[in-house]
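Quick note: the coordinates plus some simple rules give every number you see, no bench work behind them. Note that the structure is predicted; figures quoted are calculated from it, not measured. Backbone-built Cβ (ideal geometry, glycine too); neighbour counts: all protein chains shown.
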Amino acid sequence: MNSIELVNFRANFPILFEKVNEKALVYFDNGATTQKPEIVIKTEKEYYQQFNANVHRAAHQLSAQATSAFESARNNVQHLLHARHAHEIIWTKGTTESINLVAQSWGMNNLTCDDEIVLSYAEHHANIVPWQMVAEKTGAKIKVLPLDKTGIIDVDKITRIITKNTKLVCCSHISNVIGKINPLEKIIACAKTVGAKTLIDGAQAIANIPVNVQKLDCDFYVFSAHKMYGPTGVGVLYGKAEVLNAMPVYQTGGEMIKSVSFTGTSFHELPFKFEAGTPNIAGVIAFSSAIDFIHQFALNQADEHKQNLNDYCYQQLSLIEEVQLLAEGKPDIPLFSFIIAGHHQKDIGSYLDAEGIAVRVGHHCAMPLMEFLSVPGCIRVSLASYNSLAEIDYFIASLKRYIGITSDTDNMICVDKLKTKENETQLLLDKFTQVKSWDAKHREIMLLGKTLPRMSKELRTDETLITGCESAAWLTVIPSSTGVFTFSADSDAKIIRGLMVIVLAAFNNKSAEQILAFDIDQYFQELGLIQHLSPSRGNGLLAIVKKIKQAVS
């Protein structure tokens with residue numbers, strides 16, 4: 001894809017022309033969800049405007065048209081996966097529901113206390129927790145496949161984990177943190193030697209590489225539409241017909257019923273026996289357009305542009321000395337997870353957001369993997385075909401600027417200065433009034449965070465923990481004989497510590513009456529904070545205030 005082709009391709013995505021924090025949007029969070037092309041948005045709108053009706057159940061023309069489009073989408077998924085039959089495609093709400101369906105229908109009815117479920121350290125929580133619940137109820141045991149230094153499942157050790165007691169092996173096609181293709185052929189072959197079923201989480205793979213379930217010979221393959229340019233609320237469970245036919249129904253209700261009486265009920269054949277109730281018809285039909293879009297531009301095939309994105313981003317990140325990738329070697333898709341020593345990932349994500357760059361920070365619903373890698377969380381940058389080398393340059397420059405700024409102490413609002421003022425809040429208001437842009441305000445908050453004295457570890461207890469703050473944060477209260485309160489606070493993230501300085505400036509050295517009467521909403525409004533903070537961070541800020549007010553009440 002040359003530069004002109006890329007410009008034309010990007011024109012399919014309206015959101016890419018939006019601004020974030022007065023900056024051009026750079027969307028690097030495609031591992032969480034991809035943006036939607038105009039044709040997908042248009043298709044969903046057309047369904048509601050032109051042939052909105054329930055599927056399968058009515059004799060009128062609108063229903064017939066809706067049913068035809070709905071079942072055509074099922075055929076589209078069948079061809080996408082190279083499945084043997086269309087009735088092997090089950091509609092769900094997403095990857096999570098697909099896994100839960102298998103867990104409840106197959107797992108609860110086929111596993112016993114003598115059996116083992118094999119997962120891997122790289123699994124998303126959605127492919128761990130349902131099996132933990134099944135294991136708890138059936139007595140089955142969970143075993144975990146280790147990873148090698150490159151972050152993929154270590155095939156040299158699979159025969160030690162997959163044994164004659166193994167009844168199910170579940171693993172991701174591509175980890176949502178590591179970005180590398182797991183050796184599925186060897187894993188599935190090993191499972192077959194002991195008669196175990198296999199479930200593959202394809203959520204990260206399906207939009208990036210071709211998938212052939214017959215060649216893989218897996219028993220189940222699951223994924224979500226929203227990670228492949230489709231709408232949210234639509235997922236797919238592929239299962240071999242013979243396995244699905246042997247499974248009992250998962251939910252009951254309309255559509256999956258063949259006949260009902262008070263003497264007994266019978267259920268429809270595949271795929272309808274697993275599709276109770278009115279489905280997300282508009283979403284399914286729009287998803288079909290997303291699949292057509294993927295085929296039109298060969299987005300799930302190897303192409304030079306996507307390879308260039310992968311190579312270039314890996315090269316540029318590797319050149320930054322402070323960046324530490326979580327696994328050795330370049331990922332197979334443009335998805336990079338890394339940490340920067342001495343910097344909290346939420347601080348980095350917050351700074352990049354101020355620059356208009358959307359990335360993912362945290363544990364990425366992969367806490368066992370974070371524990372395996374001995375990191376508390378990381379930054380994840382995930383690219384799609386509509387991203388550009390120029391966007392990577394902007395991201396890299398912003399990341400370098402963050403590292404430089406956080407080492408800079410110039411022009412800092414000093415806490416000591418605040419303490420010498422009679423009206424600390426007014427000093428902050430005066431300072432922030434002078435700062436117009438959000439990125440400049442963000443820098444000031446980060447610099448404030450460096451001035452907050454760190455709290456001793458002994459004081460970081462469950463009692464001092466602030467509930468509702470997105471990063472770990474603590475607050476202690478020191479009453480005085482004069483009836484005024486002083487507060488000490490701390491957090492792992494500099495951005496939170498900076499916000500704490502602002503909050504404490506409003507409440508320190510005040511009486512309980514003054515604290516409870518203070519108009520904190522007006523204060524935040526004048527500082528220009530709330531409208532720029534993410535909902536989770538805004539809620540965290542209010543959680544700090546709530547903790548203070550509870551302490552003096």
Separation between the Thr265 and Ala358 pseudo-spin-labels, each 7 Å from Cα along Cα→Cβ, expressed in nm? 4.0
Could you name the lysines in cross-link range of Lys23, using Cα to Cα under 19 Å and dropping any fewer than eight places away on the same chain? Lys400, Lys436, Lys441
Relative exposure of Thr193, Thr43, judged by other C-beta atoms within 10 Å (fewest first): Thr193, Thr43
Put a dot 7 Å past each Cα toward the Cβ at Lys157 and Val243; how far apart are the dots in nm? 2.5
Please report Ile178, Ile209, Ile158 as a ranked list, fewest other C-beta atoms within 10 angstrom at the top and most at the bottom. Ile209, Ile158, Ile178
Shape call, the range 40-296: gyration tensor on alpha carbons, a/c limit 1.5: oblate
Estimated distance in nm for a label pair at Glu46 and Asn212, the labels positioned 7 Å out from Cα along Cα-to-Cβ: 3.2
For the range 219-265, what class follows from the C-alpha gyration tensor (a ≥ b ≥ c being the square roots of its eigenvalues): rounded when a/c is under 1.5, otherwise prolate if a/b is larger than b/c, else oblate? oblate
Semi-axes of the equivalent ellipsoid for the range 273-343, Cα gyration tensor, largest first, Å: 37, 19, 9
In order through the range 252-258: 3J(HN,Hα) via Karplus (6.51 cos²θ - 1.76 cosθ + 1.60), integer Hz, x for Gly, Pro: 10, x, x, 6, 7, 8, 8
Within straight cross-link reach of Lys306, meaning Cα distance under 17 Å, which aspartates and glutamates are found once same-chain residues fewer than 8 apart are removed? Glu5, Asp29, Asp332, Glu391, Asp393
Tell me, what is the FRET efficiency for Asn308 and Glu513 to the nearest 0.05, using R0 = 45 angstrom and their Cβ-Cβ distance as r? 0.10
Just need the relative contact order of the chain here, percent rounded to a whole number, with Cα pairs under 8 Å and 6+ apart. 15
May I ask what percent, to the nearest 5, of DSSP beta bridges between residues of the range 40-296 are antiparallel? 50
Could you let me know the centre-to-centre spacing of the range 207-253 and the range 49-86, using Cα atoms, in angstrom? 17
Assuming 0.36 nm per residue, please report the length gained on full extension of the stretch Ala64 to Lys431 beyond their Cα-Cα distance. 125.7 nm
Multiply the residue gap between Arg401 and Thr486 by 0.36 nm, knock off their C-alpha separation, and tell me the result in nm, one decimal place. 27.1 nm
For the range 415-552, the convex hull over Cα atoms projects on average to an area in nm² of 7.9
Tell me the label only: which of (i) 17; (ii) 26; (iii) 11 is percent of Cα pairs over 45 Å apart as calculated from this structure? (ii)
DSSP-defined antiparallel bridges as percent of all bridges, the chain, nearest 5: 65
Can you work out the Karplus-derived ³J(HN,Hα) for every residue in the range 169-180? Use 6.51 cos²θ - 1.76 cosθ + 1.60 with θ = phi - 60°, whole Hz, and x for glycine or proline. 10, 10, 7, 7, 5, 9, 5, 6, 10, 8, x, 10
Hits among lysines - C-alpha to C-alpha of Lys215 under 16 Å, sequence gap 8 or more where chains match: Lys186, Lys192, Lys197, Lys240
Taking amide hydrogens as modeled 1.01 Å from N in the peptide plane, which residues meet the under 5 Å criterion relative to Ile257, leaving out close sequence neighbours? His268
